[in-house]
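Novice: Attaching a single structure in structure tokens format; questions to follow.
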Amino acid sequence: MRTIDLVAGARPNFMKIAPIVRALQHRRDARGEAPELGWRLVHTGQHSDRSMNDVFFEELGIPAPDERLGLGGGSHAEQTARVMTAYEQLCGRARPDCTVVVGDVNSTLACALVAAKLTIPLVHVEAGLRSGDRSMPEEINRLAVDAISNLYFVTESSAIEHLLREGQPAPAIHEVGNVMIDNLFYQNKILESGGSRGGDSPEMKSVNDFKRARANARDGLGQAYGVLTLHRPSNVDEPETLSRLWQTFKVISTDLPIAFAVHPRTRTAIERLGLTPGPNIHLFPPLPYMPFLELWKHAAVVITDSGGLQEETTALGIPCITVRQNTERPITVSQGTNVLVGTRSEAILQAVRTVIAKPIGAPIRRPPLWDGQAAQRIVSELARFLR
């Protein structure tokens, strides 16, 4: 039996790893007593999250991690160094047949470097995405990981073009779809069936209270609302930019109330500048996956600087306005619901007005292979690769 290390460090990584674990479990169950592929789920502990408990993994449909490195925060260099040291020790005790990393966080880079130096075959899921902006730490991680990987699983055709231009061999590149969308469909099905363990959580209650208040509103908008997330350093660490964006959101909220799930770094910046939300911007703490999905899937529009939300809103047909100058997920713009507007107030306001004026119920356009089956394709290819 071949053993695969599945590495995740930040919470979004587990959303991407979970479909692969489920596909491996299905393959094992189908093959009975002698599974072809075994795996070890490695949690580096890059992000410490109170909701990273047994219920979280149960909701994802996966067992708790086999290994918890428990490394916590720190600077980029400290974090990367600690993860490298711990993962190298783990591989020394029990060497895997390959290491699978996902996304672009520091844990992804750290474990990729260890695997490459120990000549363990390295597999990158969500490979080839590029924003072209090297001031983003994630872009550096993407470039470095792809430079040393042996097998590449990509979500869209632009990623193939980037990898080929950077000299990666075509036979090692496989367009398989998007595991983030696999997980979205899985979680949304649970939510729609009423089976979510988050149904009676304080966070889900606050979301449902907000939606109920909107349904009962007498402001001429019915239950319509927008959802906002903001966390990129370029948006929240520059006082002038954040102040300008904040005033823009307050203008939008006079016509469309906004539910704002506030990232901790953003809350700190807002408080430091003394910014107040006004009556129509409703602040939420960072929400677990299921309550947040319940919130944004019913929104008239999502305004964000998140990469993952650009993909997820496209998959469910929710209009998305991305407050960035670039995106590493261009297919969400060319084939999805995403509009890239930058940070100018006029552009953001115009985009929101355009979205609100559109008729409801437009057909959903999903990119090729974003069908919920990406993980099955990945596992099949991993089996061939490891033979």
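The values are calculated or read from the model by the stated rules, or taken from the named source; none is laboratory data. These numbers come from a predicted model, not from an experiment. Please note: Cβ atoms are built from the backbone with ideal geometry, for glycine as well, and neighbour counts cover all protein chains shown.
Novice: Would you mind finding the one in S75, S135 that is of a type in the set (G, A, S), more than 22 Å from N183 (Cβ to Cβ), surrounded by fewer than 20 Cβ atoms within 10 Å (Cβ to Cβ) and touching a residue at least 60 places away in the same chain (Cβ under 8 Å)?
Specialist: Exactly one of S75, S135 is of a type in the set (G, A, S), more than 22 Å from N183 (Cβ to Cβ), surrounded by fewer than 20 Cβ atoms within 10 Å (Cβ to Cβ) and touching a residue at least 60 places away in the same chain (Cβ under 8 Å), namely S135.
Novice: Considering every residue within the range 174-186, establish whether at least one is closer than 30 Å to S107 by Cα, outside the structural domain of T266 (by TED's automatic domain parsing), hydroxyl-bearing (S, T, Y) and in contact with a Lys or Arg (Cβ under 8 Å, 6 or more places away or on another chain).
Specialist: For the range 174-186, residues closer than 30 Å to S107 by Cα, outside the structural domain of T266 (by TED's automatic domain parsing), hydroxyl-bearing (S, T, Y) and in contact with a Lys or Arg (Cβ under 8 Å, 6 or more places away or on another chain): present.
Novice: Moving to a separate point now. I'd like to check something: does the range 262-272 contain any residue that is within 25 Å of A213 (Cα to Cα), under 15 Å from the mean Cα position of the chain (by Cα) and crowded, with 23+ Cβ neighbours inside 10 Å?
Specialist: No - not one qualifying residue is present in the range 262-272.
Novice: Shifting gears a bit: Condition test on A217, is it in contact with a Ser or Thr (Cβ under 7 Å, 6 or more places away or on another chain) and either in the same structural domain as G103 (by TED's automatic domain parsing) or small (G, A, S) (or both)?
Specialist: no
Novice: Here is a follow-up. Of all residues in the range 295-346 being among the acidic types (D, E) and closer than 20 Å to Y225 by Cβ, which is surrounded by the fewest Cβ atoms within 10 Å (Cβ to Cβ)?
Specialist: Filtering first and then ranking leaves D305.
Conditions (1) under 17 Å from the mean Cα position of the chain (by Cα); (2) among the small types (G, A, S); (3) outside the structural domain of D104 (by TED's automatic domain parsing); (4) modelled with pLDDT of 95 or more, marked per residue:
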site	(1), (2), (3), (4)
P288	yes, no, yes, no
K297	yes, no, yes, yes
D305	yes, no, yes, yes
L309	yes, no, yes, yes
R329	yes, no, yes, yes
Q335	no, no, yes, no
V339	no, no, yes, yes
G342	no, yes, yes, yes
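Novice: Return the only residue of R2, R28, R50 being surrounded by fewer than 21 Cβ atoms within 10 Å (Cβ to Cβ) and at pLDDT below 85.
Specialist: Just one listed residue meets the conditions, R50.
Novice: Taking the conditions exactly as written (in the same structural domain as R265 (by TED's automatic domain parsing) and either assigned to a helix (DSSP H, G or I) or not hydroxyl-bearing (S, T, Y) (or both)), does E192 satisfy them or not?
Specialist: no
Novice: Then there is this: How many residues are among the small types (G, A, S) and touching a strand residue (DSSP E or B) at 6+ places or on another chain (Cβ under 7 Å) when one looks only at the range 244-288?
Specialist: 3
Novice: Inspect the range 159-169 for any residue being of a type in the set (G, A, S) and crowded, with 19+ Cβ neighbours inside 10 Å and give the result as yes or no.
Specialist: Yes, the conditions are met somewhere in the range 159-169.
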